[in-house]
């Protein structure tokens, strides 16, 4: 096939194609990439009929508009090569399967693949996060998981459900009805997926969830109690723990709540790895994945960052003024500046792109600077070859919303050892 006839999954983005084939356009790339990622393991059968339908549509469109003579085999081979030749391909000899919900840019996926897992379904509604996910894993996630059109593509059987679900208020009507109390929230969709597998006789073995620390105390603890009770009603034993990234080889003070649930009939217990407390110099239950007992900010910084990341005089003056005002009010808040010898930063958030105030890097003879997107990736434990294909603002949002990969990877190694 000639080079000008080369077809990639982005061919579905052609505006004329979208006008010609408008049905379910958002899921077409997801269906095709999920199909091609699962050709050899039987799960591809779940996507096959529609995938071939959409592949034939793009072949028809390209042949008509570009006067080509493409055939299905050629197109399948080219697209498959394109989505397999990515930084983080699926393991060939996987030992368990999982689905990646609220997938973001793939922090859970990266960690579970490193533990021998095979992702058989991914879902993420944000289009920019989908771009980053596709560039690194060769798979376009499905969209909104609250929609039945998305849920219907989840395979009937898989071992692990994982994801960092958004924290939303539950019903104030009772907080006593478990499953019903979660309606209207995205946790309900997690429960709905699990419940369908229980009813079909294919219960999911392990559930692995992440959320903000505040979930533990939300509504005086009732929200977390409802989550735990709901999972227990579905036949799971549940453990939860707040862990800090700074104790897992990452120089970031980032506390998050982790929930692990497993089938009660397994008659097992689960112990979280707690990491290394650098402040107290105490070693808790850990494993070999934690390879840095003493971390500092210098380990995530890059050499010769672009001067564009240095904040302006006006912004810096505003930061100083606001910090003084906060101090006078006695709340102690303000911008946070660190240097390469600082042990850890404050938490990077999705709003970092606005002014960088939570983490500014001190510079000699210059105003402090923001982290570069690559440094933000380093601060969340993403490897150097992780592709950042989006704008700086989108990258900051994505890494601020992400999980810290080494924390997820360490916890899941214990899940693998203790529960699977």
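A short reminder: the numbers here are calculations on the coordinates, not readings from a lab. No experiment lies behind these values; they were computed from the predicted model shown. Positions of Cβ are backbone-derived with ideal geometry, glycine not excepted, and every protein chain shown enters the neighbour counts.
Structure notes:
- Residue of 159, 13, 66 that the Gaussian network model of the chain assigns the largest fluctuation, springs spanning Cα pairs under 10 Å: 66
- Rough spin-label spacing in nm, given labels placed 7 Å along Cα→Cβ, for residue 127 and residue 306: 2.3 nm
- Separation of the residue 341 and residue 13 label points, Cα + 7 Å toward Cβ, nm: 4.6 nm
- The range 70-86 and the range 364-420: distance between their alpha carbon centers, rounded to Å: 30 Å
- Working from Cα pairs under 8 Å separated by at least six residues, relative contact order for the chain is 13 percent.
- Within the listed set 89, 307, 406, the Gaussian network model of the chain (springs between alpha-carbon atoms below 10 Å) gives the highest mean-square fluctuation for 307.
- If you take the Cα centroid of the range 45-60 and the Cα centroid of the range 339-361, the two points sit 45 Å apart.
- With the simple model of a label 7 Å out from the Cα in the direction of the Cβ, residue 387 to residue 294 spans 3.9 nm.
- Peptides 202-209, 396-403, ordered by how many other C-beta atoms sit within 10 Å of their residues on average, highest first, read 396-403, 202-209.
- FRET efficiency, residue 363 to residue 69 (Cβ-Cβ, R0 45 Å, nearest 0.05): 0.15
- At an R0 of 25 angstrom, the distance between the Cβ atoms of residue 326 and residue 255 translates into a FRET efficiency of 0.70.
- Across the range 297-385, the relative contact order, built from alpha-carbon pairs under 8 Å that are at least six residues apart, equals 34 percent.
- Evaluated at q = 0.18 Å⁻¹, a Debye calculation over the C-alpha positions of the range 286-420 (equal weights, vacuum) places log10 I(q)/I(0) at -1.07.
- Bridges between two residues of the chain, per DSSP, are antiparallel at a rate of about 55%.
- Note on the chain: GNM, Cα springs under 10 Å; of 230, 345, 302, the largest mean-square fluctuation is that of 302.
- Using R0 = 41 Å, the C-beta based FRET efficiency linking residue 418 and residue 6 works out to 0.30.
- Taking a quarter of the surface of the Cα convex hull of the range 1-100 gives a mean projected area of 7.1 nm².
- Contact order relative to length of the range 33-145, as percent, for alpha carbon pairs under 8 angstrom and 6 or more apart: 25 percent
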